[in-house]
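The structure appears below as structure tokens.
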Amino acid sequence: AAADPAAAAAPPPPWGSKSWFGSSRRERNKSDPAPAVSSSDSSSDSSDEETWDSYASRKEHTEYGGDVVKWGETNIKRSPRECHDECELLSDERHNGGCNVWVYCPLEGGCGTQPSGACWLKRQGRPEIPTGVSDETNPWISGSMAKPADVRGERGAHKKFHVLVTTNANIYQAWQVRVMHYWYERMRERCEEEDPDGCQMGGFTRILHDKADALVDEIPTCVVDRLDNEMGFVVLSRPNAFKQYFEKCGDIEEDYVLMAEPDHLYLRPLANLMNGRTAAAFPFFYINPKGFPELIRRFAGEHLTDQEIEDMDPIGSSPVFIHKEDLRRVAPIWHDATLKIKQDREADKAWGWVLEMYGYTIASKIAGVRHDLRPALMAQPPWDKGLGEFFILHFTYGMDYDENGVFTPGKIGAWRFDKRSFMAGIPPKNLEPPPPGCDNELVKRLIEMMNEASANLPNWEDPLGRGAGAGRRMLRAGWLEDPGGGVGPRPERPRPSPG
């Protein structure tokens, strides 16, 4: 997961609750948190500001998220144009902050449980890079009132980046980072073949916050110290690992870094998505600084205004493109902030397993490092479905389908893949593909990528040289550290209800 490369608990499912999407999930309440997953980025419009048409930039098969300005179930319009025009009319801050994105149901039979003509007016913090869900089966039309930002990044070898991924030495991390590294090298080879002078994919280093293991001979590795006291939360070692990287490991030739995690697979040759020196990161719906103004001020500074808090980056520490000197400045602040958050009872309770992500966002604010948002940087199946323009496949969520290939969220399916099923062992070779009726191209591609990697990597069943099944033997003996950071029973996984 984004905050916890070895967390036992799954991240919150990005259901389309009406407080965020305003879509067909009628059983959700208005008080629900604002979940979303990211859609593909919009391209910059080359026309002048004076001639740019916000209505013309609308996107079909797309459902933008956001804080609700006007409830859509009872706000019926005859056309998407009428919905757009009302958003423009209610753009003033007096109207629940002001509308800057809109979502419209064009189907005569309605969109799920939402009526035909439903017009949801919403507000996003960065409407120039609107986020939501987008695939060909999505019935909604969405638009933003802001001119799309240029999210393509600069081309050229001067923007070459180096991947830094943190892990410990358990088997759960080992098989993930092996598959990740395999696909990074595959995509880098393709990148260099297709663009030998301009490929931006550089080196790859695993930062191992543990004792050296057998993978140091397979994957370039920098060994750093693990925190003496992780307080039952192994992710506390992540910011500490980045801090030590600059203290203990040799410098890299690239000026830019991609901060990554082991459950990231590369779908295509990857470009550096930064414009200039400004960092670029994937936005997460559950990082919401404005929802915790008191806590944010406690750790980031009492001087912060409400607007400054709302403008903070809704990101975690991965995936993030950043200049290495900016990361060098942020890392020690991130380390200190995360420890303080964990030691604060109120903050620990409020932010839980994402507290390290808040630590990074707070540290970036303190250091003055701003991040542009890049929703197309990463796909998160099963909630994202199409390959689209995504660069990274993040396999943090469980994927369940019945025997006919129908998605069964919240229910163990006849077919399933969940990385947490392999916390103490290795996924078998030749994983079965999802049933033929499955319409999720990303889930299908994930299994293909897993199978190719397992077929080509040596010692697949025993990558750490401990003997096949060592992880399960240690777990049964009661002394294997669980990936959540302690010894003992596995934490209960959140059980979402169908939506």
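No value in this document is a laboratory result; all are computed from the given coordinates. The model shown is predicted, which means the values in this text are computed figures rather than measured ones. Backbone-built Cβ (ideal geometry, glycine too); neighbour counts: all protein chains shown.
I need the shape label for the stretch 222-329. Rule: rounded when a/c is under 1.5, else prolate if a/b > b/c, else oblate, with a, b, c from the alpha carbon gyration tensor. The shape class here is oblate. Here the calculated FRET efficiency for S79 and K147, from their Cβ-Cβ distance with R0 = 30 Å, stands at 0.85, rounded to the nearest 0.05. Distance between the C-alpha centres of the stretch 309-368 and the stretch 264-305: 9 Å, rounded to the whole angstrom.
Applying both filters, DSSP loop and at most 13 other Cβ atoms within 10 Å, to the GluC sites (Glu not before Pro) of the stretch 261-316 gives E302.
Look at the Cα gyration tensor of the stretch 301-408: its axes a ≥ b ≥ c give a/c of at least 1.5 with a/b over b/c, and that counts as prolate. With the simple spin-label model, which puts each label point 7 Å out from Cα in the Cβ direction, the R94 to E247 separation comes to 5.5 nm. Select from the stretch 413-472 those trypsin sites (Lys or Arg not before Pro) which occupy a DSSP coil region and have at most 15 other Cβ atoms within 10 Å, ordered by residue number. Passing both the DSSP loop test and the Cβ count: K429, R466. Figure legend: label point modelled 7 angstrom from the Cα of E448 along Cα→Cβ; residues of the stretch 161-182 with amide N under 19 Å from it are 179-182.
Taking 0.36 nm per residue of sequence separation and removing the Cα-Cα distance, the V216/N275 pair yields an extension gain of 17.9 nm.
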